[in-house]
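Here's the structure, in C-alpha cells; my notes come after.
Derivation of every value follows stated rules applied to the coordinates shown; laboratory data play no part. Note that this is a predicted model, so its numbers are computed, not measured. We place every Cβ from the backbone using ideal geometry, glycine too, and count neighbours over all the protein chains shown.
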Amino acid sequence: MNSEILRTNVESYKKLVELLKSEGFEMMVDLTVVDWFRKKEPRFEVIVQFLSVSSNERKTIKVFVNDDDLTIPSISDIYPSANFYEREAFDMFGIIFTDHPDLTRILMPDDWQGHPLRKNYGSGRIPVQFKNAPRVDQ
Amino acid sequence: MKEDTRKSKLKFKFDLWATNSEENGWNISSTDEGSQKMLEEESEKQIKIQTGTDVIDDFILEEDTTDDERMIVNMGPQHPSTHGVLRLQAELEGEVVRRVKPVIGYLHTGMEKTGEELNYFQGPTNTTRMDYLSPLFNELVFSLTTEKLIGIDVPDRAKTIRILMTELNRVSSHLVALATGGMDIGALSMMIFGFRERELILNFFEKTTGLRMNHNYIRPGGVAADLPDGWQSDVEEILKIIPEKLKDYDDMLLDNPIWRGRLENIGILTTEECFAYGVTGPSLRASGHSWDLRKSQPYSGIENYDFDVPVLDEGDVFARWRIKVLEIFESLKIVEQALNQMPKGPYKIQDKKITPPPRKRIDESMEALIHHFKIYTEGFKVPEGDAYVAIESPRGELGCYIVSDGSSKPYRMHVRGPSFCNLQALPVIMTDSPIADAVAAIASLDPVIGDVDR
C-alpha cells in the first residue's frame, strides 16, 4: 500500500505530527533516519511512518535535520511508541531528540563511541589469518 | 647478494597481494573519517551525551524511602523466562513489580549495517536471521520491498508458494509461543507438545528449503526452489495432525482451573494502550480491535483466500494465549486453500536481469555461466527511490524500509520489527503485578530478541 509522503522542516515537524494525531492516525509505526553523507545537504533525513487503523491509511513524514545542531523535537509525548525508535535513532545516527524522557543508547553499550549506522562509520574488519601471515622478509 | 634480490622481489609481490594491510597490522577504522572528528567539534555536554558517559539513569531508588521492602532487581539478560537476552530492571516492593524498564541490545549484531553491504540478492540471507522464529516473513518483506522498488510482479505460483510457506511458518511460530508460554507458567507438557508439533512443520521446511531455520528461500523475484516431489502429502499430514493436537491442548488447558486462574485478568492491555505503544498483531486483536494487514492491506495475493480474523475483547494474557490457538486454525485454512489451488507455472520471475539461469543450463552454455556469475557477484541494479512495505508477521506489523541509490546494494535498509515496538508495552502490563504474573505477561507478548535487537 502506498503512503502519502509529507515533507516538512524541523520547526513545523511537531505541529504536523499533532495534526496527524488529530486526523485519526492512531499509530506511529516506524521512525528511522537516512544518512545522505556527501550526497545531500543537510545530511540526515528523519522518516516517520504513521498508520491510521480506523481509515486504513498510511502517511510518511520526511524531515531533514540541520547539520549544525542535529536536533529535532521528540514526539514521544504525542506517540509513546516513538520512545524506543528515537533512542535507536540517537544511538545509531546521533540525532538529538529534545525533550525526550530518556535519551540514552539503546542497542549499543552505554560507553560506545560513535554512531554505527552513519555512512562514514567503518564497518570494521577482522584480520584473516592468511592475510596477516608473517612476511617473507622477516 | 642473490638472496637479497630474491627477497625484495618476493616482498614486492606480497605487498601487492596484501593491499589493505599497513605496517603494524590492520587499520580497522580506515573509512571512519567523520565519527571521531565530529565529536571534537561538539560542545562538552554533547560529547558526554554522544559518547554515552553522561548516562541518564533514573532507575534508582528514591533516597528518602523508608520502605525496606523496596529494591531494584535485575531480571536477565540470562534468564529462561525472558525469552532470549532481554534484561528487565524492576523495582520490587516485596513481590510486586512497581516499576520496570526493559534493557535491550544484548543481541545487537548490526544487521542493518550489514544489509547495506550485501546486494539485493544476498539480502534475504541477512534479514532471515532477524526474527528467527518466523524467518520466512522477514525474507518475504525484504523481497516485497525490493520488488516494489523495481516494479515487478512475481508469478502466481511463486505467490502461492509464499503464502503456503509463510502461513505454515505462522503456525510453527505460534506453536513455539504457546510452548514457551506454557513453560513459563509451569505447564511443562505444553512445552513438549508445542515443540513436537512444530517439528512436523520444520521437517517440511527442511525438505523444501534445505534448512530448518534461516531458510533464505523467498528471494526477490520469486522463491529459491520449487516445492519438492510429494509435498502435497506432507502438507496434508500437517493439516490432519495439527488440528487434532490443538484439540488436545484445549482439552488440557482450556477448562483447566489452574491455567485459567494464572492467566485471566492478568497483564491487561486496552486498545488505546495498544495504539499508543504501537502494539500490533495478536496482542492488538486480543484487545478487541480487529486489525490484520492480511485483510486490510493484503500482500502476495492473500486477498483471494477465505479466512477469518479472530478477535477477543478481554486483552489479558489468557486472551493473548487463546488468540494464537485460534489463529493457527485460520492459518491452516489458508494452507489448505493454497494446497488445493496451487497453480502451475514458473516459481521465479522470468526476467533475465533478476533471475539466475537454472543449474542445468550452466553445464551446457557458456553464456549461462557468465550470466550466473554476473548475478551472483554483482547482483542486479534497483532504480533510485525508497519504499516501505509492511506485512502481518506472527507478532504484528513487520515493515521493511529500503532506500536505493540506483546501485545493486541498498543505500539504507531498515526493518521495523514488531517485537521491538511491542516490548515498549511491557512496563504497562507488568507494573503493579506480582513477579509470577509478570513472567506470564512477557511470554504472552512473545518477543523474539533477534527481532528486537537486529
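By the gyration tensor of its Cα atoms, with a ≥ b ≥ c the square roots of the eigenvalues, what is the shape of chain A: rounded for a/c under 1.5, prolate for a/b over b/c, or oblate?
Numbers: a/c = 2.42, a/b = 2.34, b/c = 1.04.
Verdict is prolate for chain A.
If you take the Cα centroid of the range B:180-233 and the Cα centroid of the range A:15-35, the two points sit 37 Å apart.
Order these peptides, B:72-85, B:397-410, B:120-133, by their mean beta-carbon neighbour count within 10 angstrom, highest first.
Numbers: B:72-85: 16.7, B:397-410: 21.8, B:120-133: 23.6.
Highest to lowest by the protection proxy: B:120-133, B:397-410, B:72-85.
Roughly how crowded by other chains is peptide A:99-112, in terms of the mean Cβ count from those chains within 10 Å of each of its Cβ atoms?
Numbers: counts 0, 1, 2, 6, 2, 8, 6, 8, 12, 4, 4, 7, 4, 4.
Across the residues of A:99-112, the mean count of other-chain Cβ atoms within 10 Å is 5.
Specify whether the C-alpha gyration tensor of the range B:104-219 places it in the rounded, prolate or oblate class, a ≥ b ≥ c being the square roots of the eigenvalues: rounded for a/c under 1.5, otherwise prolate if a/b is larger than b/c and oblate if not. Don't skip to the end; give the middle numbers.
Working: a/c = 2.62, a/b = 1.50, b/c = 1.74.
Here the range B:104-219 falls in the oblate category.
Classify the protein assembly as shown from the C-alpha gyration tensor, please: rounded if a/c falls under 1.5, else prolate or oblate depending on whether a/b exceeds b/c. Judged from the Cα gyration tensor, the protein assembly as shown comes out oblate (a/c at least 1.5, b/c at or above a/b).
List the pairs from A:59/B:381; B:113/B:148; A:14/B:101; B:113/B:324; B:207/B:360; A:62/B:409 whose alpha-carbon separation is above 29 Å, in the order I gave them.
Flagged as over cut-off: B:113/B:324.
Counting neighbouring beta carbons within 10 Å and listing from fewest to most, the residues B:117, A:11 come out as A:11, B:117. Charges were assigned to the Cβ only: +1 to each Lys and Arg, -1 to each Asp and Glu. The resulting dipole of chain A about its Cα centre is roughly 760 debye.
Partner chain Cβ atoms within 10 Å, averaged over the residues of A:34-43 - can you pull that number for me? Can you show the working numbers first?
Details: counts 6, 4, 4, 1, 1, 2, 0, 0, 0, 1.
For peptide A:34-43, the averaged partner shielding equals 2.
Once the Cα atoms of helix A:82-93 and of chain A are each reduced to a long axis, what angle between those two axes, in degrees from 0 to 90 to the nearest 10, is obtained? It is inclined by approximately 30 degrees.
Among B:165, B:190, B:154, pick out the residue whose Cα is farthest towards the positive end of the charge dipole of the range B:152-195, where Lys and Arg carry +1 and Asp and Glu carry -1 on C-beta, about the Cα centre. Result: B:154.
Quick one: which of B:322-328, A:30-36, B:92-98, B:252-258 comes out on top by average Cβ neighbours within 10 Å, and what's the full order, highest first?
A:30-36, B:322-328, B:92-98, B:252-258
I need A:40, B:245, B:159 ordered by Cβ neighbour count within 10 Å, fewest first. It would help to have the intermediate numbers written out before the result.
Working: A:40 12, B:245 16, B:159 21.
With the sparsest Cβ surroundings first, the list reads A:40, B:245, B:159.
Under a 5 Å amide H cut-off, with hydrogens placed 1.01 Å from N, residue A:57 pairs with A:52 among residues at least 5 apart or on other chains.
Partner chain Cβ atoms within 10 Å, averaged over the residues of B:385-393 - can you pull that number for me? Intermediate values should be presented prior to the final figure.
Details: counts 0, 6, 2, 10, 1, 7, 0, 0, 0.
Mean partner shielding for this stretch: 3.
Compute the signed sum of charges (Lys and Arg +1, Asp and Glu -1) over the other residues within less than 13 Å, Cβ to Cβ, of residue B:347. Numbers along the way, then the final one.
Numbers: positive: B:157, B:159, B:162, B:219, B:344, B:348; negative: B:156, B:226.
Once all neighbours under 13 Å are counted, the net charge is +4.
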